[in-house]
Amino acid sequence: MAEPSKRTPGTSGRKKKSGWRRFFTWLGITVLALVVAGGTVIGVAYATVKLPDPNADFQTNTSFVYYRDGKEKIGSYQIQNRQSLPYDKIPQNVKDAIVAGENRSFWTDPGFSVSGMTRAVISVLRGEDVVGGSTITQQYIKVMYLTQDKSYTRKFTEILLAAKMGNELSKEQILEGYLNTVYFGRGAYGVEAASLAFFNKPVAKLNDAQAIALTAMANDPGNLDPSRGDKQAADLLERYQYTINGLVEMGKMTDAEKAKIYYELPKFPKVERDSQFGGPKGYLLNMVQEELRAKGFTDQQISGGGLNIVTTFDAKAQEAAVKAAQTITSQTAGGNAKKAAQLHAGLASIDVDSGGIVALYGGPDYLKGRNWATTPRATGSTFKPYALGTALTQGFTLNDVFNGSQFTPPGEGVPVRNAGDSNYGRVTLQQATTHSINTAFVDLEGNMKNGPAETLKFAQKVGLPKEGGWNPVSRVPLGIPEVSPVYQASGYATFANGGKHVPPHVVAQVKDASGAVLYKADTHADQVIDADVANDVAYALTHVVQDGTASRAGGMGFPIAGKTGTAYDRAAKGGSKTTACWFVGMSKQISTAVMFVAGKNGTDDLNKIYPGFFGAGPPLSTWMSYMQVAQQGLKDIPFDPPTHRVSTQTPTLPPRTTRPTATKSPTASATPTATPTGKPTDEPTDEPTDRPSNRPSERPSGKPSGR
C-alpha cells in the first residue's frame, strides 16, 4: 500500500523565484544537505543553535473566537491537554507503531530524510512551497518550536537542529520527547493524554489494535478522528493498515497477528463533547472549527495556535435568533417542557451581499443534540421558487396560465391535490406562487423541457447541495428534496441578490498571535442565474407576504419576500404525518430560513405536538420575531417590479380528474378563493400543503395597509 501523504496547514502561495535565485537556493540546500549528511559541523550556526527543552519550550496558546465586530468574544478553543511519561513507561506496542507509521528507518537514520530533502530541492526549483517527507526527529523539532511554514529557510533550520539532536540525544530520548509532545486531536498532546481522550484508558492498557489506531491519528490529527464521520473513519483505516504493514515489514508483527486485526478498526468509546461548547453558542464554535479545518488549518493550530478568529456572526442578531426560536418553541408546546424538548427549531440567517451567516440557531444545547440549522429535511412548498426560476429561465412568465385543480399527471396513477382538497381552475404562475397551488406547479413541471431534472439543476445553481429526495419526479416542486436551513437561506439570498451567489460561511478573518492575517474569506459573488429571473422570482414572493399564505408578515414595516412550506409523509407507518414546516424569507439585505421538525431524528409527526402545524404558524412567527431585530438599522430597500418579459411558451392544460370546487378565472380576480371539500385520503408521499394555522394568534390578518 502506498503511503498516504501527510497533510500540512494551508498557507498562501509564494511568488515564484527568479532563475538565479532558484539556482542559489538549490545550491545552498544541496551543500547544506551534503555537509550535514557527512556529519560535518556547520560552524557558528551549529555551535550556537539551542536544542529545545520539552518541559520548558513546548507551549500552546489559546485561540479566541469573536463576533463580527472583532471585539465581543463568542468563546475559545482549549488550552493544551498534555501528560508526559518517561520512556520506559511508554508501551512497546506504541513505540513500534509510531515508528512503523511515521519513520521506519528511525533507529538507523541520521535524523533527517535525504529523499525528503531531494523532494524539497525539486519543489524550490519549481518555485513551489517546500515539500518533502520528515523523520520523527524533524517532526519533533517542528512540534517543539518551529512554525508550520513550508519555506526552504525553515527546512534549513529543521535539518540543522535534527542533525544536532541526532548527535547529542539518544534515539530513545528523541522518541520519548516526540511521543510526549505530538498532537493527536481532541486537544490531546502526547500519547497518555491521547489514549485517555480516544479510548478512555491509560496508554499502558491499550491493546495492539488500539495502539496502532492511536498512533496512526498523529499523521493527520482531527482529520483521522473516526467520530467525525465515515470519511474520517475510512481514512484512518487506510493509515491503520499502512502502519500494520510496516510492523510486519519491520519484524514486529507476524502475518497471523496481522490477520486478526487488519480489516477493521478497534471500537472507540462514545465521544463526550467538549463542555466549553455547551448551550446554543456551541453550535457556532463547532461550525467555526469545522470551517477552519476545511480551509487547511490543523487541529493543533486551532486549539493551541493562539489564533484570533473573527466570525460573521452578529451578536445582536444571534441573541434575537436564540430568543425567537426558544420562545416560539415553548409557546407552540403550550409551555409543556417535555413536548418542547421533542420540538426542534432550526434557524439560519445570511447576509445577502457577503454570504456570511449572521445568526444561527441549531438547538438549545450543542452538548445534547444535533445542529438542526445544518440538518437537511423535506422542504415542502419552499422548494417551489426553484421551479418558478427554472420556468422563467425557459421563457415562461408570471402571467402564463396553468391548471389549479386536481389532476393526474400523464403516466401516473395518483392525482395531485391542493391544500384542503381545493380546486382553483385556471391560474397564473403568479397566483400559483402567492397561494402555493400544488397542481399548478406539477402542471408547470410537465410543460417545461425536462422540468423535474432542470428544476433540481437550477436549485443547485443558486446554492443548494444535493441531499436526500433529489429525484427528478413530477412532484419535485412540492418539496420532496431535502435541504438544510443554512442552504435554504443561501438559495433565497441568490434571488435577493439579483442572481449573484456567495457560498455561506462563518469565518471572516483569522490572524496569528503576532497579528498577521492568515486567512480572509472570499466574498466574491458569482452571477449564477440571469438577473431578470432572480428579480421576477423575488417579486413573485413579495405577494406571498402581501396577500398569500404568509400575509401575516406583510405589515412588518419593511420590504420582504418569502415562502411557506409544509412537508407531508403520506406513506408513513401509522398514517399520514407532517414531517417538516418552513418559512424562508428575505429582505434585500438578509435572507433567513426557519424550519421546525419533531422527534429525536427530526422525522416525527409535528401535529402530535401542536395540531394544525403549518409553515404560516410557528415557523413564520419565529421568522418575524427574529427579523424585526435583525433588520433594525438597515435601509428599507424595495424589491424591483416584474420585468414584464414576453412569454415564449404556450402551456398545455391537462384535463381535470374531479369537478372544480372553486373555479375563478385568473382575469376575474387577482386572488383566487378556495372552498375545501374534505380531507384528501390518497395524496402521494411527501405532497405538501400550505394553509394558515388554526391558532387565532397565528391566523393571517389579510392584506396589510401601509408599506
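Structure summary
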item: At R0 = 56 Å, FRET efficiency that the Cβ-Cβ distance of residue 570 and residue 105 yields, to 0.05; result: 0.30
item: Under-5 Å amide H pairs with residue 75, H placed in peptide plane, nonlocal only; result: 65
item: In Hz, Karplus ³J(HN,Hα) per residue of region 181-188 (6.51, -1.76, 1.60; θ = phi - 60°; x = Gly, Pro); result: 10, 5, 8, 10, x, 6, x, 9
item: Within-11-Å neighbourhood charge of residue 575 [Cβ basis; K, R +1; D, E -1]; result: +1
item: Using a Förster distance of 41 Å, the FRET efficiency for residue 259-residue 370 (Cβ separation, nearest 0.05); result: 0.60
item: Mean Cβ neighbour count within 10 Å, used as a protection proxy, ranking 65-72, 291-298, 389-396 highest first; result: 389-396, 291-298, 65-72
item: Inter-label distance for residue 92 and residue 250, nm, one decimal - labels placed 7 Å from Cα along Cα-to-Cβ; result: 1.3
item: In range of the label at residue 531: residues from region 500-519 whose backbone nitrogen is under 18 Å from the point 7 Å along Cα→Cβ; result: 500-502
item: Potential extension, residue 290-residue 601 segment - 0.36 nm per residue separation minus Cα distance; result: 109.7 nm
item: Burial ranking of peptide ranges 339-347, 243-251 (average Cβ count within 10 Å, highest at the top); result: 339-347, 243-251
item: In sequence order, calculated HN-Hα J values of region 434-441 (Karplus, 6.51, -1.76, 1.60; Hz; x Gly/Pro); result: 4, 10, 6, 8, 4, 4, 5, 6
item: Point-to-point label distance, residue 647-residue 460, nm (Cα→Cβ direction, 7 Å offset); result: 3.0
item: Lys, Arg +1 and Asp, Glu -1 on Cβ, resulting dipole of region 461-540 about Cα centre, debye, nearest 20; result: 140
item: Rounded if a/c under 1.5, otherwise prolate or oblate - region 488-546, Cα gyration tensor axes; result: prolate
item: In sequence order, calculated HN-Hα J values of region 621-626 (Karplus, 6.51, -1.76, 1.60; Hz; x Gly/Pro); result: 4, 5, 4, 5, 4, 5
item: Accessible area of residue 501 in the full protein assembly, 1.4 Å probe (Å², nearest 10); result: 20
item: Segment residue 524-residue 72, extension gain: residue separation times 0.36 nm, minus the distance between their alpha carbons; result: 160.1 nm
item: Separation in nanometres of the label points that stand 7 Å from Cα toward Cβ, at residue 628 and residue 230; result: 4.4
item: Dipole of region 467-574 [Lys/Arg +1, Asp/Glu -1 at C-beta], most positive-end residue of 501, 474, 551; result: 551
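The values are calculated or read from the model by the stated rules, or taken from the named source; none is laboratory data. Treat the numbers as computed from the prediction; the structure is a model and nothing was measured. Backbone-built Cβ (ideal geometry, glycine too); neighbour counts: all protein chains shown. Surface accessibility is based on the protein's heavy atoms, side chains included, excluding ligands, DNA and RNA. Shrake-Rupley method; radii C 1.70, N 1.55, O 1.52, S 1.80 Å.
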